[in-house]
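A.B. asks: Just passing along the structure, written as C-alpha cells.
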Amino acid sequence: MSLFIKHYRPGSIFKKQILWRLNSSVAENHESEEEFRVLDILKKRDKQQKRVARRIDVPADRAEKMSTDQNWGNVWPGPRSFHPSTVPLPIRQGFVPKGQVPPGKKANAELMKIPNFLHLTPPVIKTQCEAIKKFCTEWPKLLNSEEAIEKHYPVEVITSDYCHASPTIRNPLARVVTLRVKLSTLNLDKHAKDKLLRLVGDHYDEKTDLITLTADRCPMRRQNLDYVNYLLTACYHEAWTVEDWEKEKMEADMEYYDWNNNQSKKNLVNWYHKCINKDIALSEDEYKSFDTSVIDHGEEYKLAVSSLFNDGEREETINNYDTAVRKLLGLPERKPIE
Amino acid sequence: MNFSVIKLAQNASIITKNAPLLASQFHTSTALCRVVSGKYRITKRRDKPLTYEMANPPHYIAHRKTWNSWNTSNLKDGVRRSETALEDEFIRRFMNGTWHGLVCSEIIIKRQFNHIRVAAIIRRAVSPTKMYFLLGYSEELMANWLQCPVTLELQTVDSFKDVVFKYI
C-alpha cells in the first residue's frame, strides 16, 4: 500500500494498473529492489490509520415495541435471567447512600443474579394447570376426611425425595424409610399387645399411640421399605405366639397393676366376709374371680386403687382414693380445711 | 548450619554447656486483624472505576449484593460441593478467556437441576456475528465438558463505562 502512495501522481495511473498491483505481491518485491526504503523516523509520510470503531446499530428495546395487551407468557416462556430490554418495567436495584438514585435496570448485574418469577405469572400458572388437568384423577369420595383416610389406610410410610440444583439426582438421605401405624388398628389381644409393646420398646409413643419403625441400613429405598414391612410383620406374628416360658410371668413382671391379682383385693374380700360374719377360706382362684360388685362401693374402691398405682400418685388420685375408702368404710366425708 | 548442629548433637557435653543457644526461640506479636481481600484502595485522583459488585466488600453479600453462584451445593448438607465449586471456577475462567476483554461484570452461574445458566454483561466491541459464534461455541464446549445443558444469558452494553458504579 505504501508503494502505491509513493508513486501516486494524479492522472498517471489508470485503473487497470492499480488493480494489478494490489493483487500481485511479486510486483512489490520487484519495485523494492530498484529503490532503497527510506527510514521514516517521524512517521510523517506513513501516518498510521486510526482504527475507527464500527458503530453497531443497536435496535430499540423490545420492551418499547410491546403492545399493552400482549400475552406475557409468550414473551417470557421459561425461567431466565433478567434482561432489561425485554422487561417493560422501570425497575431499580442496588444500595446507595441516602438521597441518591439506585442503579437502573440496564447493565445491572444484581438484577441478573436474583432469581425471578417472570415466567410464573398468575395467568400462566392458570393455563399450565388447565393443561395438566387431564392427567389428574379424581380424589376418592369416601376418603373425605382425615379419620376416613386413617381408617382405610392405617399404615403410613414416610420417605423424602431430594431435589438438587446440580447434575446428580441421588441423595443418600432418600433411602430412609419410616413406617408409622397406630397400635389400636392392629388386631391384638391382651397378651399379644403386651408382648408387642415389649418387642417394639422405644418405637412406641404412648401419647399418639403410634408405632414408628425407621430403616436406613440398606442402600436403596426399596430395600428399606421391605425391611420395615418385614419388621412390622415379624413383630406382629411374634406377639401372637405364646412361648412356654411366658407362663412363668410373676406379679413383679406385670406391666400394669391388676387389682384382681393383688393383696388389696384379698384384704377387701376378707374384710367383707368379716363384716357379714362369714368365716370361709378362699383359694387363690376364688379370690381372683370374686365379684366385688356385691360389696357396697367395692367397684369404686377397685378403680381408685388401680388408678393410684397405674397413673401414679397425684393429688387427684389420692383424693379419689380417700373418698372411695371413706365411702367403703362408711366414714363421714372429709371436711374442707378452713 | 545443619552440619554444626549435628556436630553439637554428637558431643553431649557441649549441648549442656550451650543449652540456651539451642533453645528454640520464636517471635510473637498480636494478630493483625486487617481484612483486605475483596476491597479496593482509594486512589489519589479518585479516578478508579468500580462496578457495583466491586464497590461492596464481601461482608455485604446477602445485604447489599448477592452471590455469584446459585446452587444447592452451597447449602448445609448439600451434595457435590467440591465438584460444583471447581466447575464454577472453570466456567468463570473459560468465559473470561473466551470473551476476552469483553466481560464487564462477574460471571453469574445459576443451576437448576442439571441445567447451568451462565449470565454476564458483555461489551459490544465485536460484531454481532462474532458474538453469535462465541455464544454457540461456549455453550457447546461447556455442555460437552460439564455434561449438562448450558445456557448463556448475556446482556450487552456499549462500553465499560456503563457498568461503572462509582469512582474512588
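Nothing in this text is a laboratory measurement; each read-out follows from the coordinates by a stated rule. In this text the structure is predicted, and so the values were computed from the model without any measurement. A quick note on method: Cβ atoms are made from the backbone with ideal geometry, for glycine too, and the neighbour counts reach across all protein chains shown.
A.B. asks: Tell me the chymotrypsin sites (Phe, Trp or Tyr not before Pro) within the range A:272-338 that lie in a loop according to DSSP and have at most 10 other beta-carbon atoms within 10 Å. Please list the in-between numbers first.
C.D. replies: Working: sites: A:272, A:287, A:290, A:301, A:309, A:321; in loops: A:290.
Here no loop site has a sparse enough neighbourhood.
A.B. asks: What is the fewest-to-most order of B:81, B:111, B:123 by other Cβ atoms lying within 10 Å of their Cβ?
C.D. replies: The order, fewest Cβ neighbours first, is B:81, B:123, B:111.
A.B. asks: Using +1 at the Cβ of each Lys and Arg and -1 at the Cβ of each Asp and Glu in the protein assembly as shown, identify which of B:24, B:68, A:39 lies farthest towards the dipole's positive end.
C.D. replies: A:39
A.B. asks: Order by neighbour count: A:244, B:162, fewest other Cβ atoms within 10 Å first, most last.
C.D. replies: On the way: A:244 6, B:162 15.
Listed from fewest to most nearby Cβ atoms, that is A:244, B:162.
A.B. asks: So how far, in whole Å, is the C-alpha centre of the range A:53-130 from the one of the range B:70-88?
C.D. replies: 28
A.B. asks: Can you give the average number of partner chain beta-carbon atoms within 10 Å of each beta-carbon in peptide B:73-81, as a whole number? All intermediate terms of the calculation are to be shown ahead of the outcome.
C.D. replies: On the way: counts 4, 1, 2, 0, 4, 4, 8, 6, 1.
Counting Cβ atoms of other protein chains within 10 Å of each residue's Cβ and averaging gives 3.
A.B. asks: A further question on this structure: Near residue A:80, within a Cβ-to-Cβ distance under 11 Å, what is the net charge of the other residues, with Lys and Arg +1 and Asp and Glu -1?
C.D. replies: Numbers: positive: B:110, B:117; negative: B:153.
That works out to +1.
A.B. asks: To continue, here is another question. Take each of the peptides B:29-35, A:76-82, average the number of other beta-carbon atoms within 10 Å over its residues, and list them starting from the highest. Could the numbers behind the result be given before it?
C.D. replies: Details: B:29-35: 5.9, A:76-82: 16.1.
Result, highest mean first: A:76-82, B:29-35.
A.B. asks: What are the radius of gyration and Dmax of chain A, computed over its Cα atoms and given in Å?
C.D. replies: Cα radius of gyration and Dmax of chain A are 47.5, 159 Å respectively.
A.B. asks: Can you give the relative contact order of the range A:57-161 as a percent, counting alpha carbon pairs under 8 Å and 6+ residues apart? Walk me through the numbers before you get to the answer.
C.D. replies: Values: 59 pairs, mean separation 23.8, N = 105.
Here the relative contact order equals 23 percent.
A.B. asks: Dipole magnitude of chain A about its Cα centre, charges +1 at Lys/Arg Cβ and -1 at Asp/Glu Cβ only, in debye to the nearest 20?
C.D. replies: Working: 52 positive and 51 negative charges, 988 e Å.
Taking the Cα centre of chain A as origin, the dipole is about 4740 debye.
A.B. asks: Which ordering of A:250, A:112, B:54, A:66 is given by a fewest-first count of other beta-carbon atoms within 10 Å?
C.D. replies: Working: A:250 6, A:112 25, B:54 20, A:66 14.
Placing the least packed residue first, the sequence is A:250, A:66, B:54, A:112.
A.B. asks: So, one more: Cα axis of helix A:263-275 to longest principal axis of chain A: angle in degrees, 0 to 90, nearest 10?
C.D. replies: 30
A.B. asks: Can you give the local net charge around residue B:161? Use residues other than it whose beta-carbon is closer than 14 angstrom to its beta-carbon, Lys and Arg +1, Asp and Glu -1. Before the final figure, lay out each step's value.
C.D. replies: Values: positive: A:106, B:48, B:123, B:124, B:166; negative: B:47, B:158, B:162.
Spelling it out: positives minus negatives among the neighbours equals +2.
A.B. asks: Farthest toward the dipole's positive end in chain B, which of B:40, B:128, B:145, given Cβ charges of +1 (Lys, Arg) and -1 (Asp, Glu) about the Cα centre?
C.D. replies: About the Cα centre, the residue reaching furthest to the positive side is B:40.
A.B. asks: With an 8 Å cut-off on Cα pairs and a minimum separation of 6 or more residues, tell me the relative contact order of the range A:150-225 in percent.
C.D. replies: On the way: 88 pairs, mean separation 25.6, N = 76.
Value for the range A:150-225: 34 percent.
A.B. asks: Sticking to Cα atoms, compute the Rg of the range A:56-108 to one decimal and its Dmax as the biggest Cα-Cα distance, whole number, in Å.
C.D. replies: 13.7, 39
A.B. asks: Report, in listed order, any pair from A:302/A:335; A:266/A:302; A:195/A:288 with a Cα-Cα distance greater than 18 Å. Intermediate results must be reported in sequence, preceding the final value.
C.D. replies: Working: A:302/A:335 23 Å; A:266/A:302 12 Å; A:195/A:288 23 Å.
Too far apart for the 18 Å limit: A:302/A:335; A:195/A:288.
A.B. asks: If we count every other residue with Cβ under 15 angstrom of residue B:64's Cβ, Lys/Arg +1 and Asp/Glu -1, where does the sum land?
C.D. replies: Details: positive: A:92, A:98, A:113, B:39, B:65, B:166; negative: A:110, B:53, B:106.
Taking every other residue near residue B:64 into account, the sum is +3.
A.B. asks: Give the residue from A:257, A:289, A:277 lying farthest towards the positive end of the charge dipole for the range A:252-294; charges sit on Cβ (+1 for Lys and Arg, -1 for Asp and Glu) and the dipole is referred to the Cα centre.
C.D. replies: Of the listed residues, the answer is A:277.
A.B. asks: Can you give the FRET efficiency for residue A:68 and residue A:148, using 1/(1 + (r/R0)^6), R0 = 60 Å, r = Cβ-Cβ distance, to the nearest 0.05? If you can, show how the numbers build up before the last one.
C.D. replies: Values: r = 50 Å, r/R0 = 0.83.
Once the sixth-power term is evaluated, E becomes 0.75.
A.B. asks: In addition: How much mean residue ellipticity at 222 nm does chain A get from its helices, if each DSSP H run of length 4 or more adds -39500 (n - 2.57) and you divide by all residues, to the nearest 500 deg cm²/dmol? Please list the in-between numbers first.
C.D. replies: Numbers: 13 runs with 128 residues, N = 338.
After summing the helix terms and dividing by residue count, I get -11000 deg cm²/dmol.
A.B. asks: Roughly speaking, what is the stretch gain from residue B:64 to residue B:44, that is 0.36 nm per residue apart minus the C-alpha to C-alpha distance, in nm to one decimal? List each step's numbers first, then the result.
C.D. replies: On the way: separation 20, 0.36 × 20 = 7.20 nm, distance 2.64 nm.
Extra length from residue B:64 to residue B:44 when fully extended: 4.6 nm.
A.B. asks: If you place +1 on the Cβ of every Lys and Arg, -1 on the Cβ of every Asp and Glu, and leave all else neutral, what size is the dipole of the range B:45-168 about its Cα centre, to the nearest 20 Debye?
C.D. replies: 500
A.B. asks: Moving on to the next point. What FRET efficiency do you get for residue A:223 and residue A:323 if R0 is 51 Å and r is their Cβ-Cβ distance, rounded to the nearest 0.05?
C.D. replies: Values: r = 58 Å, r/R0 = 1.14.
Calculated value: 0.30.
A.B. asks: Tell me, what is the FRET efficiency for residue B:133 and residue A:214 to the nearest 0.05, using R0 = 51 angstrom and their Cβ-Cβ distance as r? Walk me through the numbers on the way to the answer.
C.D. replies: Working: r = 56 Å, r/R0 = 1.09.
Taking R0 as 51 Å, the efficiency between residue B:133 and residue A:214 is 0.35.
A.B. asks: Over all residues in B:110-119, what is the mean tally of Cβ atoms on other chains that come within 10 Å of each residue's Cβ?
C.D. replies: On the way: counts 8, 4, 6, 7, 6, 3, 3, 3, 1, 7.
Taking all residues of B:110-119 together, the mean is 5.
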